[in-house]
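Asks: Take this structure first; my questions come after.
Bear in mind these aren't lab numbers, they're just calculated from the coordinates by the rules spelled out. Fair warning: this is a prediction, and the values are worked out from it, not measured in the lab. Note that each Cβ is placed from the backbone with ideal geometry, even for glycine, and that neighbours are counted across all protein chains shown.
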Amino acid sequence: MPEAQTPFTPTIIRNVYPMRSGRSHTPTNESPRRRRRSHVPMKPVNDAKLSKRRKVIEEFYDTERTYVEGLELIYSHFLTPIIAALETSEPLLDRSSLTSVFSNFIDIWNLHRSFFSSLTILLTTSVIPSPATDNNYSDPPASLSPLL
């Protein structure tokens, strides 16, 4: 005769050992490493580290500005004349070549202009002094998606 099966009831096993501080453990979504760090007071940043951080931020800002200026140059000196030449009798590139060469240029240009503008705003409103005071990249570029 088969034995009657009793329904399975899950049991919850709790940690019966208290933590070192004497508090009982309450489950959280934080990792144990993060919980330990939250009890450690932050160390003050020394002048050498702060100076190095400023230099890194300035270099990052200058690099992004130079990159956006390069994209502006490509747009004004290459893409715009090529698009204007499409309407002439002898275009520099046909539409399919233009599309393949500059397929995602406008997306890249928009992304970096937006990023640079946000970075400039962040640096001008933060406590860390930076060269982010002159910005001519706040206007969005014209959309060229019908051509590309």
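Asks: Using the basic label-point model (7 angstrom from Cα toward the beta carbon), what is the Glu87 to Ser114 distance in nanometres?
Replies: So the two model labels end up 2.9 nm from each other.
Asks: Work out, step by step, the length gained on full extension between Ile121 and Lys55: first 0.36 nm times the residue separation, then minus their alpha carbon distance; give nm to one decimal.
Replies: 22.0 nm
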